[in-house]
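Written below as structure tokens is the structure these notes are about.
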């Protein structure tokens, strides 16, 4: 791994030490684990009572309560889970847009999430989406030990997701870090990623030039992935239309995310770095919590 | 096509500057983006789309360049020849000072300059005016030097003065608003700031000159006397001999030497034998020979023949004494010029006889004034009736136009008859009046005789200055005369109302011949202002290539360029608005 990428990971790791990953409320079913889930399960941790319904396990009837209230009630115990985090990093060239902090933010966020997961006792694995999704070398280890990550693919991540999906851990949490700037049906991609996951979080990492391009008059735009060029007159009206289309594109993704129960958040790379890796948006979304370690 | 302000073409430097600005401004900057998908509907700068869009930017640039070019063109004030060029009006100084210098005279040098000018402009219509005392058009409109040569040959510079300003004004009036005016003379303009379409060229040269500036001749039975005044228009003293040479007798010329300081004048008197005819006062040749000769004829004043038919003896005595005092009357009953009577005029009178009919009123009222005189009438010249008692009756009123009145009572009247005859009426009772004892009486009679003498056959003056108009009176039965001018040319002239006006345009002897009689008068230059050559100089004032001059005869095209530029601007606005609408639907 080249020096800048390593520095990005280290910066994300340092930032991630301040956070811990929150377990999802909709934890996957499973008899064993190291974490108590927010839903009833089979651990020894009492959670709540509820009225008995036909078919409930008779072993969970609280007879003491029946004696006191003459009603059958069931004791609920917290579910015990052992979550796994898969970090899917878009490896296309657009994630390393020249002149922007997009790569720094994407790699840093991946390291931040890995560190936060590790801090919460979650296992993690980093994936890089190029021609196909493949694990980052040494991606289950500390981010500082991750192997080389090259953001130079010319293929959109959806094609890899739909064509050769990664073997993600079942019932685990999945994070997709991408700029989502490709045409296609996001529902298919998100449905595939959400399948078998207890939680899917999509982090859209945009450069400031992506989110709010400056007016530049006559401009020859070059697609950093395909190399295609287009002459445009980037005046205020054109930029307004660009922002409008971007907003519609994001709405499209939000809609698809809601359909599959995923969470989608947008991060502007330059703002994130300038703000000292403050991810309060993710905290507010219940993805991260400030660590008290 | 010509451009009045060619330096405005410097404005074309804006064309490459505009193109450079346009190209630099429209040059695309390369920028890498994550994806082109969000730029799909952004306005394309150069490629694709409809034809209008394809040529959007170049067309705007072309329109702007065209507008700049048209504005520059308008700023140069382009002009096109409007049909024929504006005429060239040449004002020629006709004064005789243009003859000074002989072969190097301003007249000759000006002619050569005009020939060169007209050879350069062979298609320009030229009209000449001679500027004498009165400006006058010389010939018809001509083109080129060859066409002008014949006209210029008639420019002889014989006038005793010039009024170039009036001539230039007439040239501007005749030539119209597009005419160029060239003044050709031998002296600078009074105001050297000559502007507009007037160009002033002087070909003179300051020279010393001795000239006869005044000459007169008086005739007396004892002998004639000539007065010749000589002036030295030089910065140095001059000596010369003035000769008065009889032209029509065998007498030897009378000579006198004169020595004059710079700018001095001296009058010389020459006594001539009686009965001599034409004489010429002559100075030696110098820079200007024209003013070295003065021709003088005897000033003949023939007496007025008066028939006196007055019965009132006191009145008749007063009339005789008064007529004798004038010295111009000869009392005779035969072929009278004037009949003075206190009764009815004779039935048979010669046709040229005038009458003065005096009414002696039996009942009279003595008037002491106020007297009303028609001062425009020659009969009233020199009259002053202060203290005069004039006795007359109020009725019946005198017929005719009142010449002298007291209150509303006419005392002297005039009636004009055919053939130039006049009939005067006067009413007076001498016994109650002191008019005949006052000085007004001989004055009144002298005026009457002078008035009648002015209608005697012959010129009113025998010697005149060059340029003067001489009035000749001819007998009633002369309808036409032959006028012979000093250059020997003769012309037949019709006589109107016994009068003939002849302008002395050349110095020398004029003869007016009719059946049975020949009248003569002599003209001499006698113009000190023209003889003074010290102020003459050569130079040029005013230029035609100034804006006002060069616009003459050319149709301005700048407004067309401005209109075209305006159209281009409108097109540019429409196109720019349309493209903006396309970019921001």
* To do: Within segment B:106-118, work out how many residues are closer than 15 Å to residue B:287 by Cβ and at pLDDT below 90.
  => 0
* Asked: Does residue B:474 satisfy the condition of being crowded, with 17+ Cβ neighbours inside 10 Å and within 24 Å of the chain's Cα centre (by Cα)?
  -> no
* For residues in segment A:155-181 being in contact (Cβ under 8 Å) with a residue 60 or more places away in the chain and closer than 18 Å to residue A:252 by Cα, which is surrounded by the fewest Cβ atoms within 10 Å (Cβ to Cβ)? -> A:156
* Taking residue B:305 as the residue in question, decide whether it is under 30 Å from residue B:89 (Cβ atoms) and either in contact with a helix residue (DSSP H, G or I) (Cβ under 6 Å, 6 or more places away or on another chain) or surrounded by fewer than 22 Cβ atoms within 10 Å (Cβ to Cβ) (or both). => no
* Give, as residue ranges, the strands (runs of 3 or more DSSP E) completely inside segment B:404-481 that count at least 2 residues that are in contact (Cβ under 8 Å) with a residue 12 or more places away in the chain and over 30 Å from residue B:214 (Cα atoms). => B:409-416, B:422-427
* Scanning segment A:230-259 for residues that are away from chain B (no Cβ under 14 Å) and buried (at least 19 other Cβ atoms within 10 Å of the Cβ), which turns out nearest to residue A:174 (Cα to Cα)? -> A:257
* To do: Provide a single number: the residues in segment A:260-269 that are part of a helix (DSSP H, G or I) and within 14 Å of another protein chain (Cβ to nearest Cβ).
  => 1
* segment A:95-124, residues that are under 15 Å from residue A:177 (Cβ atoms), more than 14 Å from chain B (Cβ to nearest Cβ) and surrounded by fewer than 24 Cβ atoms within 10 Å (Cβ to Cβ) -> A:104
* Structure fact -> Of the residues in segment A:58-94, those that are touching a strand residue (DSSP E or B) at 6+ places or on another chain (Cβ under 7 Å), within 14 Å of chain B (Cβ to nearest Cβ) and within 21 Å of residue A:193 (Cβ to Cβ) come to A:90, A:91, A:92
* Structure fact -> When restricted to B:258, B:228, B:310, the only residue closer than 30 Å to residue B:427 by Cβ and either touching a helix residue (DSSP H, G or I) at 6+ places or on another chain (Cβ under 9 Å) or outside the structural domain of residue B:328 (by TED's automatic domain parsing) (or both) is B:310
* To do: Determine whether residue B:512 is more than 25 Å from the chain's Cα centre (by Cα) and more than 24 Å from residue B:219 (Cβ to Cβ).
  => no
* Answer from B:362, B:366 - the residue that is part of a strand (DSSP E or B) and farther than 19 Å from residue B:448 by Cα -> B:366
* Residues in segment B:269-276: is at least one on the phi < 0 side of the Ramachandran plot and without any contact (Cβ under 8 Å) to a residue 40 or more places away in the chain? -> no
* strands (runs of 3 or more DSSP E) lying entirely in segment B:1-93 (those with 3 or more residues that are within 14 Å of another protein chain (Cβ to nearest Cβ) and modelled with pLDDT of 80 or more) -> B:29-33
* From (1) away from chain B (no Cβ under 14 Å); (2) crowded, with 19+ Cβ neighbours inside 10 Å; (3) under 17 Å from the mean Cα position of the chain (by Cα); (4) not in a strand (DSSP E or B), pick out the condition that doesn't hold for residue A:127. => (4)
* Of the residues A:142, A:195, which single one is more than 14 Å from every other protein chain (Cβ to nearest Cβ), in contact (Cβ under 8 Å) with a residue 24 or more places away in the chain and surrounded by fewer than 22 Cβ atoms within 10 Å (Cβ to Cβ)? -> A:142
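Yes or no, residue by residue, for (1) buried (at least 16 other Cβ atoms within 10 Å of the Cβ); (2) closer than 30 Å to residue B:233 by Cα; (3) in the same structural domain as residue B:468 (by TED's automatic domain parsing):
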{"residue": "B:100", "(1), (2), (3)": "yes, yes, no"}
{"residue": "B:110", "(1), (2), (3)": "yes, yes, no"}
{"residue": "B:116", "(1), (2), (3)": "no, no, no"}
{"residue": "B:125", "(1), (2), (3)": "yes, no, no"}
{"residue": "B:160", "(1), (2), (3)": "yes, yes, no"}
{"residue": "B:163", "(1), (2), (3)": "yes, yes, no"}
* Yes or no: residue A:206 at the interface with another protein chain (Cβ under 9 Å from one of its Cβ atoms), within 21 Å of residue A:285 (Cβ to Cβ), touching a strand residue (DSSP E or B) at 6+ places or on another chain (Cβ under 9 Å) and surrounded by 15 or more Cβ atoms within 10 Å (Cβ to Cβ)? -> yes
* Asked: Does residue B:352 count as farther than 20 Å from residue B:415 by Cα, out of contact with any helix residue (DSSP H, G or I) (no Cβ under 6 Å at 6 or more places or on another chain) and touching a residue at least 60 places away in the same chain (Cβ under 8 Å)?
  -> no
* Structure fact -> Residue hits (segment B:197-216; farther than 26 Å from residue B:103 by Cβ, crowded, with 20+ Cβ neighbours inside 10 Å and at pLDDT 90 or above) are B:215
* When you look at residue A:188, is it modelled with pLDDT under 90, under 25 Å from residue A:276 (Cα atoms) and surrounded by fewer than 16 Cβ atoms within 10 Å (Cβ to Cβ), yes or no? -> no
* Asked: Can residue A:213 be described as buried (at least 21 other Cβ atoms within 10 Å of the Cβ) and more than 24 Å from residue A:287 (Cα to Cα)?
  -> yes
* Structure fact -> When (1) over 19 Å from residue B:35 (Cβ atoms); (2) within 7 Å of chain B (Cβ to nearest Cβ); (3) in contact (Cβ under 8 Å) with a residue 40 or more places away in the chain are applied to residue A:224, the one that fails is (1)
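The values are calculated or read from the model by the stated rules, or taken from the named source; none is laboratory data. Just so you know, these numbers come straight off a predicted model, no measurement behind them. Every residue, glycine as well, gets a Cβ built from its backbone with ideal geometry; the counts of neighbours run over all protein chains shown.
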